[in-house]
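The values are calculated or read from the model by the stated rules, or taken from the named source; none is laboratory data. Predicted model, so just to flag it, every value in this text is computed and none were measured. A quick note on method: Cβ atoms are made from the backbone with ideal geometry, for glycine too, and the neighbour counts reach across all protein chains shown.
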């Protein structure tokens, strides 16, 4: 529409062939004249503004055209090559010019919005191309890892090109023996701010890293923060310790959903109450540092997880950390499950769990292991979640504390010793309890006799009840 070939059509469409109304010329137009820009003949424009300044002076003309004095100077001396149609109409009105005289002096007409959009599209395409070039320079995982050391500095030196581009700008980078301190500007909540982050120059792939990285892959805090979300105090304190080893100043924030009592925790630094409506009634602890760059680095490792796990000296410890984040023990079948619905990650996890003989099947949401013997050697010794340790010991060795579900069943069996399973289920207001009683039978808490089976509590079961579910 705004090509040179169509200029006369555009002019006819936008500017009527009549004298412009002197007091309110905008009434003649059905378009957004503030969006339309026109390029005038330079001699005409110089003469136009010379006459305007001569007739009205600088002060009045500033008010009439809503153009600052410095810009009026630039218009007069042809340092601005276009003017809005609204301002042009006002100029013509002030000098009582004929519309035909104005039309003949217009060389080009275009939409301001359309021109801005074209520039934005052009700028975006150039940025996307340049970003692709920079991303290709980032080292591969195998190039970053040597002798069980991850060279964060090598990755960072390439990644800063992506930071120092666009709205973010590097202010300074200081390197010490073990640390990198980076100051950069960026926008947060629509305001430009200065950020300072500290990083380790190198990260050792030791057992602490392997456990933390597995935990982080399952329970990471969202972008902009680097840390873990969990309820368990021992895991949160271990997370805080590991973040400190990476020179991170972390905080522990209690996140509580609306409608529940705030738990009294002695190690949190603050409380955030989620006031939005949600069916989930609970809480969690976020342990993190505000370090978007370190998050990006660990996310880079996660996106290339297959290559990284291949280089880990103790792959089982990674899966122990992941189990503390996403795992659960199904005692009825004595099986262990890693929850995962991400197809990309599921494929990788299955590959390495198979190598350790810790994978049996995938049920659509969990990677299931029914090998207590190998689980007890490869995973259990490295778990830190007390409940998961306890349940794993029950499944692997038959030792530990029964949870409330099984204690309730034992109590009903004690009160109804010798009852059939169907009657026990009815007493518990459940459809069936075969799997639960089978588990208690395997651990010798109960015995079954006759057909249909009649269930009797054993001395071990009685002892467990007297000890609050403990087996001793």
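Please find, among 106, 138, 83, the residue that is touching a helix residue (DSSP H, G or I) at 6+ places or on another chain (Cβ under 8 Å), surrounded by 16 or more Cβ atoms within 10 Å (Cβ to Cβ), modelled with pLDDT of 85 or more and farther than 22 Å from residue 44 by Cβ. Quick ask: steps written out before the conclusion?
Working: 106 fails: farther than 22 Å from residue 44 by Cβ; 83 fails: farther than 22 Å from residue 44 by Cβ.
One residue alone meets the criteria, 138.
Check segment 389-403 and report whether any residue there is outside any helix (DSSP H, G or I), free of Cβ contacts under 8 Å to residues at least 12 places away in the same chain and not assigned by TED's automatic domain parsing to the domain that holds residue 430.
no
If you go through segment 424-470 one residue at a time, how many are without any contact (Cβ under 8 Å) to a residue 12 or more places away in the chain and assigned to a loop (DSSP other than H, G, I, E, B)?
Residues flagged as without any contact (Cβ under 8 Å) to a residue 12 or more places away in the chain and assigned to a loop (DSSP other than H, G, I, E, B) within segment 424-470 amount to 7.
Do we have any residue at all in segment 244-253 that's under 17 Å from the mean Cα position of the chain (by Cα), closer than 21 Å to residue 174 by Cβ, crowded, with 18+ Cβ neighbours inside 10 Å and at pLDDT 90 or above?
Looking for residues that are under 17 Å from the mean Cα position of the chain (by Cα), closer than 21 Å to residue 174 by Cβ, crowded, with 18+ Cβ neighbours inside 10 Å and at pLDDT 90 or above, one finds none in segment 244-253, hence no.
Kindly establish whether residue 48 is within 22 Å of residue 108 (Cβ to Cβ), touching a residue at least 60 places away in the same chain (Cβ under 8 Å) and in contact with a strand residue (DSSP E or B) (Cβ under 8 Å, 6 or more places away or on another chain). First the steps, then the outcome.
Numbers: within 22 Å of residue 108 (Cβ to Cβ): yes; touching a residue at least 60 places away in the same chain (Cβ under 8 Å): no; in contact with a strand residue (DSSP E or B) (Cβ under 8 Å, 6 or more places away or on another chain): yes.
Taking the combined requirement at face value, the residue does not satisfy it.
What number goes with the only condition from (1) within 22 Å of residue 314 (Cα to Cα); (2) loosely packed, with under 11 Cβ neighbours inside 10 Å that residue 205 does not pass?
Here residue 205 clears every test but (2).
Is there a residue being modelled with pLDDT under 90, in contact with a strand residue (DSSP E or B) (Cβ under 9 Å, 6 or more places away or on another chain) and surrounded by 11 or more Cβ atoms within 10 Å (Cβ to Cβ) anywhere in segment 93-102?
yes
Of all residues being out of contact with any strand residue (DSSP E or B) (no Cβ under 8 Å at 6 or more places or on another chain) and touching a residue at least 12 places away in the same chain (Cβ under 8 Å) in segment 325-343, which is surrounded by the most Cβ atoms within 10 Å (Cβ to Cβ)? Just the residue, please.
Per the stated criteria, the residue is 331.
Return the residues of segment 211-228 that are over 14 Å from residue 302 (Cβ atoms) and either modelled with pLDDT under 95 or surrounded by fewer than 23 Cβ atoms within 10 Å (Cβ to Cβ) (or both); say none if nothing qualifies. Show your work before the answer.
Step one: list which residues in segment 211-228 are over 14 Å from residue 302 (Cβ atoms), which gives 211, 224-225, 227.
Once the filter is applied, which keeps residues that are over 14 Å from residue 302 (Cβ atoms) and either modelled with pLDDT under 95 or surrounded by fewer than 23 Cβ atoms within 10 Å (Cβ to Cβ) (or both), segment 211-228 yields 224, 225.
Mind listing whichever residues of segment 187-208 are assigned to a strand (DSSP E or B), in contact with a strand residue (DSSP E or B) (Cβ under 9 Å, 6 or more places away or on another chain) and over 16 Å from residue 156 (Cβ atoms)?
187, 188, 192, 193, 194, 204
Which residue out of 413, 350 is modelled with pLDDT under 95, part of a helix (DSSP H, G or I) and either buried (at least 16 other Cβ atoms within 10 Å of the Cβ) or touching a helix residue (DSSP H, G or I) at 6+ places or on another chain (Cβ under 7 Å) (or both)?
413
Taking the conditions exactly as written (touching a residue at least 60 places away in the same chain (Cβ under 8 Å), farther than 27 Å from residue 345 by Cβ and either surrounded by fewer than 16 Cβ atoms within 10 Å (Cβ to Cβ) or out of contact with any helix residue (DSSP H, G or I) (no Cβ under 7 Å at 6 or more places or on another chain) (or both)), does residue 192 satisfy them or not?
no
Do we find a residue being surrounded by fewer than 11 Cβ atoms within 10 Å (Cβ to Cβ), modelled with pLDDT of 90 or more, out of contact with any helix residue (DSSP H, G or I) (no Cβ under 6 Å at 6 or more places or on another chain) and not assigned by TED's automatic domain parsing to the domain that holds residue 296 anywhere in segment 111-120?
No, that holds for no residue.
Please enumerate the residues belonging to segment 138-188 that are closer than 24 Å to residue 123 by Cβ and without any contact (Cβ under 8 Å) to a residue 24 or more places away in the chain. Walk me through it before giving the result.
Here is the first cut: in segment 138-188, the residues closer than 24 Å to residue 123 by Cβ are 138, 158-171, 184-188.
Hits for segment 138-188 are 160, 164, 167, 168, 169, 170, 171, 184, 185, 186, 187, 188.
When only residues in segment 442-457 that are out of contact with any strand residue (DSSP E or B) (no Cβ under 6 Å at 6 or more places or on another chain) and on the phi < 0 side of the Ramachandran plot count, which is surrounded by the fewest Cβ atoms within 10 Å (Cβ to Cβ)?
Here is the first cut: in segment 442-457, the residues out of contact with any strand residue (DSSP E or B) (no Cβ under 6 Å at 6 or more places or on another chain) are 442-445, 449-451, 453.
Filter again for on the phi < 0 side of the Ramachandran plot, leaving 442-443, 445, 449, 451, 453.
Numbers: 442: 14, 443: 22, 445: 26, 449: 9, 451: 7, 453: 17.
Among residues in segment 442-457 that are out of contact with any strand residue (DSSP E or B) (no Cβ under 6 Å at 6 or more places or on another chain) and on the phi < 0 side of the Ramachandran plot, the one surrounded by the fewest Cβ atoms within 10 Å (Cβ to Cβ) is 451.
Select the helices (runs of 4 or more DSSP H) contained entirely in segment 289-336, then report the ones holding at least 3 residues which are farther than 15 Å from residue 140 by Cβ.
Helices (runs of 4 or more DSSP H) meeting the threshold: 292-303, 315-326.
Quick check: anything in segment 274-288 closer than 30 Å to residue 407 by Cα and in contact with a helix residue (DSSP H, G or I) (Cβ under 8 Å, 6 or more places away or on another chain)?
yes
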